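Written out below as structure tokens is the structure these notes cover.
The values are calculated or read from the model by the stated rules, or taken from the named source; none is laboratory data. Given the structure is predicted, the values throughout are model-derived calculations rather than measurements. Please note: Cβ atoms are built from the backbone with ideal geometry, for glycine as well, and neighbour counts cover all protein chains shown. Heavy atoms of the whole protein, side chains included, go into the accessibility calculation; ligands, DNA and RNA do not. Shrake-Rupley method; radii C 1.70, N 1.55, O 1.52, S 1.80 Å.
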Amino acid sequence: MTTSPTGFYNSIQEATAHVIDVLSDILHVNTIFIAANDGVTNVIVDSFNREEVLVRNGEELPFELSYCSLVLNHSADHLTISETSTHPQTRDLDVTKTIGNHSFTGIPIRMKNGQGYGTICILDAPSAQLTETEMKALKAMAVFLGYVVELEKDKIDAEASSMSKLDLISSLSNKIRFSLTEIWGATDLMMTTELTEEQQQYMNIMEASSRSLMMLLNNILDYSKIESGQIDDIEDPFDLRTMMENVLSLYTEVAAQRNLELRLDWNLASSPIFIGDEAKIRRMLINLVDNAVKFTSTGSVTLSANTQFVTNAPEAELEVRVKDTGIGISPNKLKMWLEHDFGPSPSYGNPGLGWQITKQLLKRMNGTMTGVSEPGNGTEITLQLCTNVWHKVITLPSAYS
């Protein structure tokens, strides 16, 4: 059985790998696996084994002889079996005889029309039980994968109807945003309830994962607009300082969880009002700050701005820097990232989609990007672009001074 690329990953395997990675941090169980089926064959798409190796990627089994068939044929939204060697539905299956007695939990992965794609399954010690919070995390991931699968179907249908690439991704983006909003809403509600410290950690992981997916979604939409040429250039007044504060505010909660300090280093003697494309500059700063926060476990992330005025001209050379105290990267790799263009798909040695979007937007604005970094000593990235300064001087208080 093969799977074709989705609109948000190179393949369904990339989406399932993300889910396996998240769940392996949340659930302290022996085995987690995601299986796909076509009603005839059950295929393990991705798996995680903590100690005892029970399942391997790529393994195939006739659908009717698999645990997944029981899950998809079950009327409830999940199937839990305390001991597979004694349960009447599993005790005589060859798979039980092969891997032995375990507890089993399965969640169906379905599209909105109820059609099943596969399952997310857990194998652990006999009689082991998942908590209510862990079950909710499993179901949330199943909903996410169901949307990914449905997006693939929508993509094929859209291509058949000659939809444009950008229209397609915009449509899919709205569907993903809706599902992420529902997950965030459920997460926020659960955060208001009385949770143990461990449950609080689980919820923080779910929230961070949702925000990461939203960031990816925004980058994909931006990249598609750039590739299709459907992006406008705007020259309007905007408050640079307020915009920078707003960018930092997006990461206040994450920074508090990690005990990171967010700083705004404002060195401009001139007005904070500039004339230019605020949306593009904000998107570039969000991408850079997101990377800085992601790879900084202690210390701080600093966002700063400087200007150098052009003689006898209203323009100013604006420099915006993002500096962190994170893990850093080798100078050679950073040089490669700065000098070479990459495709939209992250890979080894590829900084990812956000970095590529930043470079494309900066090139469109005739700007440049430089940087310095050293493993273990953090990274500093500088954006340089030419803009006009508004004549009116306005001084604003800052929460990050």
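Filter segment 1-60 down to the residues that are β-branched (Val, Ile, Thr) and part of a helix (DSSP H, G or I), then identify the one that is modelled with the lowest pLDDT. Here the residue is Ile12. I'd like to know if segment 82-99 contains one or more residues that are at pLDDT 90 or above and within 22 Å of Met206 (Cβ to Cβ). Looking for residues that are at pLDDT 90 or above and within 22 Å of Met206 (Cβ to Cβ), one finds none in segment 82-99, hence no.
Test Gly100 against the stated conditions and say whether it is touching a strand residue (DSSP E or B) at 6+ places or on another chain (Cβ under 7 Å), open to solvent by less than 70 Å² (accessible area, probe 1.4 Å) and over 22 Å from Asp21 (Cα atoms). For Gly100, the condition - touching a strand residue (DSSP E or B) at 6+ places or on another chain (Cβ under 7 Å), open to solvent by less than 70 Å² (accessible area, probe 1.4 Å) and over 22 Å from Asp21 (Cα atoms) - is not met.
Residues checked against (1) open to solvent by less than 10 Å² (accessible area, probe 1.4 Å); (2) without any contact (Cβ under 8 Å) to a residue 60 or more places away in the chain; (3) out of contact with any Lys or Arg (no Cβ under 9 Å at 6 or more places or on another chain); (4) more than 20 Å from Glu317 (Cβ to Cβ):
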{"position": "Leu240", "(1), (2), (3), (4)": "yes, no, yes, no"}
{"position": "Asn246", "(1), (2), (3), (4)": "no, yes, no, yes"}
{"position": "Leu262", "(1), (2), (3), (4)": "no, no, yes, yes"}
{"position": "Asn267", "(1), (2), (3), (4)": "no, yes, yes, no"}
{"position": "Phe274", "(1), (2), (3), (4)": "yes, no, yes, no"}
{"position": "Glu278", "(1), (2), (3), (4)": "no, yes, yes, no"}
{"position": "Arg283", "(1), (2), (3), (4)": "no, no, yes, yes"}
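Return the residue satisfying two criteria in turn: it lies in segment 44-60 and is without any contact (Cβ under 8 Å) to a residue 60 or more places away in the chain and of a type in the set (Val, Ile, Thr), and of such residues it is least open to solvent (accessible area, probe 1.4 Å).
Applying the first criterion (without any contact (Cβ under 8 Å) to a residue 60 or more places away in the chain) to segment 44-60 yields 44, 46-53, 56-60.
Right, trim to of a type in the set (Val, Ile, Thr) and you get 44, 53.
Values: Ile44: 16, Val53: 80 Å².
Looking at residues that are without any contact (Cβ under 8 Å) to a residue 60 or more places away in the chain and of a type in the set (Val, Ile, Thr), I get Ile44.
Scanning segment 308-337 for residues that are in a loop (DSSP other than H, G, I, E, B) and closer than 15 Å to Pro375 by Cα, we see that the one that is modelled with the highest pLDDT is Thr325.
Restricting attention to segment 355-368 and to residues that are open to solvent by 30 Å² or more (accessible area, probe 1.4 Å) and touching a residue at least 12 places away in the same chain (Cβ under 8 Å), the residue that is nearest to Asp324 (Cα to Cα) turns out to be Thr368. Candidates are the residues of segment 83-97 that are assigned to a helix (DSSP H, G or I) and without any contact (Cβ under 8 Å) to a residue 24 or more places away in the chain; the one that is most open to solvent (accessible area, probe 1.4 Å) is Lys97.
Among the residues making up segment 61-81, those that are polar (S, T, N, Q) and open to solvent by 60 Å² or more (accessible area, probe 1.4 Å) are Asn73, Ser75, Thr80.
Inside segment 105-130, residues that are more than 17 Å from Arg56 (Cβ to Cβ) and hydrophobic (A, V, I, L, M, F, W, C) make up a count of 6.
Only one of the numbered conditions (1) closer than 23 Å to Lys363 by Cα; (2) at pLDDT 80 or above is not met by Tyr223, and that is (2).
As a summary of the residue check, Gly118 satisfies the conditions (1) part of a helix (DSSP H, G or I); (2) surrounded by 19 or more Cβ atoms within 10 Å (Cβ to Cβ) except for the one numbered (1).
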